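The values are calculated or read from the model by the stated rules, or taken from the named source; none is laboratory data. This is a predicted model, so every value here is computed, not measured. Note that each Cβ is placed from the backbone with ideal geometry, even for glycine, and that neighbours are counted across all protein chains shown. Note: accessible area is taken over every heavy atom of the protein model, side chains too, but ligands, DNA and RNA are not part of it. Shrake-Rupley method; radii C 1.70, N 1.55, O 1.52, S 1.80 Å.
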Amino acid sequence: MHSKQLREHIKHRELVRFRRASIDERSIYGFLLAFSDSLLLFQYFHDFHPDGYLLVRRPDVTELGCNDTSRFQRELLQIEGVLEQVDFGFSAPIQSFDSFLASRAADEIVIVEDEASDPPEFLIGTVSDVANDAAHIHHFTGTARRSESPDRISIDRITSCQIASNYIRFYERHFARLARME
């Protein structure tokens, strides 16, 4: 996975398929938007629908490419008008997870995961602080109960971050409804 190849995927706006064999056996499809020495930023797709932005560690990616299936599916996205929904101009600081997380707005919901631990760690919430090689996430539960204090996760344990996913947007709308009722 050379930088030249990655630049070509971005330049040609190719729908790529990638895998992280040590983390997840399934393939993921998306548009590569940017990369650094350590991270890859994708507009992630699930069942032909854009599903937010996914930031993963570059060394974890064991396969990445554009095959016949991804080329055909990109064509379908274009025919259906879905390709127009991809923000190819989206950018964020991705030199490291801490630079990415520190750049998020205080009220933006993020998902931060350590998929390599046993059991895997999944935190959804807002970033309260990024300091001392750790992110502090003011998380909430699946029933939207906010924690009293933020959880700490070491930056070196983070395997992925997500923003603006469909899952996150449902919670954003829930919290917006609650705020209007107060």
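From the set of residues in the stretch 55-81 that are part of a loop (DSSP other than H, G, I, E, B) and on the phi < 0 side of the Ramachandran plot, which is most open to solvent (accessible area, probe 1.4 Å)?
E80
Condition test on G89, is it of a type outside the set (V, I, T) and at positive phi?
no
Based on this model, can you work out whether S128 counts as under 19 Å from the mean Cα position of the chain (by Cα), open to solvent by 80 Å² or more (accessible area, probe 1.4 Å) and among the small types (G, A, S)?
no
Here are the criteria: (1) free of Cβ contacts under 8 Å to residues at least 24 places away in the same chain; (2) closer than 24 Å to E115 by Cα. Tell me which single one L54 does not satisfy.
The failed condition is (1).
Residues of the stretch 10-34 being open to solvent by 40 Å² or more (accessible area, probe 1.4 Å) and charged (D, E, K, R), which ones?
Result: K11, R13, E14, R17, E25, R26.
Taking the stretch 1-48, which residues are assigned to a helix (DSSP H, G or I), in contact (Cβ under 8 Å) with a residue 12 or more places away in the chain and closer than 24 Å to V82 by Cβ?
The answer is L6, H9, I10.
Scan the stretch 147-182 for residues that are more than 20 Å from A134 (Cβ to Cβ) and of a type in the set (D, E, K, R) and jot them down.
R169, E172, R173, R177, R180, E182
Got a sec? Which of A135, A116 is open to solvent by 30 Å² or more (accessible area, probe 1.4 Å), of a type in the set (G, A, S) and farther than 16 Å from E172 by Cα?
A116
How many residues, within the stretch 74-88, are of a type in the set (V, I, T) and touching a helix residue (DSSP H, G or I) at 6+ places or on another chain (Cβ under 9 Å)?
2
Anything in the stretch 87-103 that is among the aliphatic types (A, V, I, L, M) and either surrounded by 18 or more Cβ atoms within 10 Å (Cβ to Cβ) or assigned to a helix (DSSP H, G or I) (or both)? List them, or say none.
I94, L101, A102
Applying the selection to the stretch 138-151, what residues are surrounded by 13 or more Cβ atoms within 10 Å (Cβ to Cβ) and either out of contact with any His (no Cβ under 6 Å at 6 or more places or on another chain) or among the charged types (D, E, K, R) (or both)?
H138, H139, F140, D151
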